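The values are calculated or read from the model by the stated rules, or taken from the named source; none is laboratory data. Everything numeric in this text was worked out from a predicted model, so none of it was measured. Note that each Cβ is placed from the backbone with ideal geometry, even for glycine, and that neighbours are counted across all protein chains shown. For accessibility, only protein heavy atoms count, side chains too; no ligands or nucleic acids. Shrake-Rupley method; radii C 1.70, N 1.55, O 1.52, S 1.80 Å.
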Amino acid sequence: MSQKPLFQTGANMIDVLLYAALAGLGVAAVTGPLGAFIVWRRMAYFGDTLAHSSLLGVALALFLSISPTLSVIAICLVLALILVVLQQQQTLASDTLLGILSHTSLAVGLVAMALMPEVKVDLLSLLFGDLLTVNINDVLTIYAISAVTILLLLKLWKPLLAMTIHEELAKVEGIPVTAVRTAFMLMIALEIAIAMKVVGVLLITALLVIPAATARRFSQTPEQMAIFASLIGCLAVILGLGASWFIDTPAGPSIVLSAGLLFLMSLSKKN
Amino acid sequence: MSRALVELQGISKRFNDVTVLSGVDLRLEPEQILTLIGPNGAGKTTLVKIVLGLLKADEGQVSRHPELRIGYMPQKLHIDPTLPVTLGRFLKLAEPDLALCRNALKEVGIEKMMSLPLQSLSGGEMQRALLARAILRKPNILVLDEPVQGVDVAGQEALYRLIGQLRDRLHCGVLMVSHDLHLVMSATDEVVCLNQHICCHGHPDQVSNNPAFLELFGSKTAPYTHNHDHHHDLHGEVIGDEPKTPLSNGCQHD
């Protein structure tokens, strides 16, 4: 179901490419600023853990016959809350905790899918994305969710920045840190739900972290870094899709590889 | 007597069954400088966080002045090097008016650093930057957690003098934590020695008998000496020759 049909009319092929490009750009535009916060707050492993848990969300959606987008958002949020509670207990180091949850949730997702033989799942497309099969409904979902995320991010930009610099200082100055932190997790969950189609469960963190890290060298302010990260992400989507289209490489990994190459090139810029 | 800025009564706090604070009373008057001193693990930062409302006490009362505006200077900032943020931008998070930000920097003496990355400031400059951010809120109480941390001795003296000047200009109370038991600035109105409970409190000794000390550290720094009638073991428990008496009445000082 995920394979590119061998014979297509010209119009269909252009549709496929257009939808894929629109979907990729819609996701990359938001992963830029969100990824910047993930880099600044050192939450890359946290993002990875949530992304891995989204496989469980898909399994749940298949089992209950509900929308995978909704169930992925729900599972990510539940996992994020579990993490917050466990981190407050402080019995294990944060990264150990993330390592346990990240791989356990991935394993639970894989096992759950294997236990549902009546449902045919293309595991590879879940793990590494399936950009060339997006349809107009996927594109609309992506833009609706991206719009919500961007509005939330604009509204919470200043408090989030203040919390990133010093959470307790922000709290003393009157910022409702728990509410803002929860909203930030919601944004990550929303973004994971739509990025899954583009780069897959295993590569979502790359789309968050690599463009932001690349943008760092060209940025003097947090806002510049967020916008440059968006643009770099979009460029990676175009390059990756181009490679996928012309030399028939898998789209998701090609996008991440393009982002990685852009990062390598950015290293040549002297600070 | 005017109303206290902050008053704590009988504050106790435990973390995982370890008692950090027990029966602590504290009162900060307007325009008073109060310094909390005590060894590592004495509960100084915990007490400050209770004053700030960042932590809730297990027992006891906290009453804050209804118009309390807190300027807080945390111990340290850990800013990731990937965050491109200048000193000016850091201050703008607290006060959007750039002219006011510049004034605050002038007041703490690092106006020239305004457009530098926050991560490039030295220890002393960073402490001044944090102080500038705290006074931008036009506070009536400044809460400073180890304000001279990572600053050399000459810089420490200058910083303490600056804090005294800020108190005079802003007419604010100052609650300050000092890690060092031996160096307490003479400008402090009241010193509270904390070691899970309050060991003693009062005016710091005015005079230092030690000319060599004055020569070395400057006249603004005076050693604060006091005598206990009891000793503390490693856990801060009161110990003595006599059978151990309850904390509430066994902790006396002269």
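Within region A:229-250, how many residues are assigned to a helix (DSSP H, G or I) and open to solvent by less than 70 Å² (accessible area, probe 1.4 Å)?
The number of residues fulfilling the criteria is 13.
If you check B:Ala129, B:Ala99, which single one turns out to be buried (at least 23 other Cβ atoms within 10 Å of the Cβ) and either within 14 Å of another protein chain (Cβ to nearest Cβ) or modelled with pLDDT of 90 or more (or both)?
B:Ala129 is the lone residue from the list that is buried (at least 23 other Cβ atoms within 10 Å of the Cβ) and either within 14 Å of another protein chain (Cβ to nearest Cβ) or modelled with pLDDT of 90 or more (or both).
Under 6 Å by Cβ, and 6 or more places apart or on different chains, what pairs join a residue from region A:145-167 that is without any contact (Cβ under 8 Å) to a residue 12 or more places away in the chain and within 13 Å of chain B (Cβ to nearest Cβ) with one that is in a helix (DSSP H, G or I) and open to solvent by less than 30 Å² (accessible area, probe 1.4 Å)?
Qualifying pairs under 6 Å: A:Glu167/A:Val177.
Determine if region B:7-17 includes at least one residue that is in a loop (DSSP other than H, G, I, E, B), within 10 Å of chain A (Cβ to nearest Cβ) and farther than 30 Å from A:Ser219 by Cα.
The answer is yes, given that some residue of region B:7-17 is in a loop (DSSP other than H, G, I, E, B), within 10 Å of chain A (Cβ to nearest Cβ) and farther than 30 Å from A:Ser219 by Cα.
Could you identify the single residue in B:Thr35, B:Thr86 that is farther than 24 Å from B:Cys200 by Cα and among the hydroxyl-bearing types (Ser, Thr, Tyr)?
Of B:Thr35, B:Thr86, the one residue that is farther than 24 Å from B:Cys200 by Cα and among the hydroxyl-bearing types (Ser, Thr, Tyr) is B:Thr86.
Of the residues that make up region B:80-93, is at least one farther than 30 Å from A:Ala226 by Cβ and either open to solvent by 50 Å² or more (accessible area, probe 1.4 Å) or free of Cβ contacts under 8 Å to residues at least 40 places away in the same chain (or both)?
No, region B:80-93 has no match at all.
B:Lys112 versus (1) of a type in the set (Lys, Arg); (2) in contact (Cβ under 8 Å) with a residue 12 or more places away in the chain; (3) surrounded by fewer than 19 Cβ atoms within 10 Å (Cβ to Cβ): which is the lone unmet condition?
So B:Lys112 meets the others, but not (2).
Condition check: open to solvent by 60 Å² or more (accessible area, probe 1.4 Å) and among the aliphatic types (A, V, I, L, M). Does A:Val78 satisfy that? Steps first, answer last, please.
Numbers: open to solvent by 60 Å² or more (accessible area, probe 1.4 Å): yes; among the aliphatic types (A, V, I, L, M): yes.
So A:Val78 fits the description; yes.
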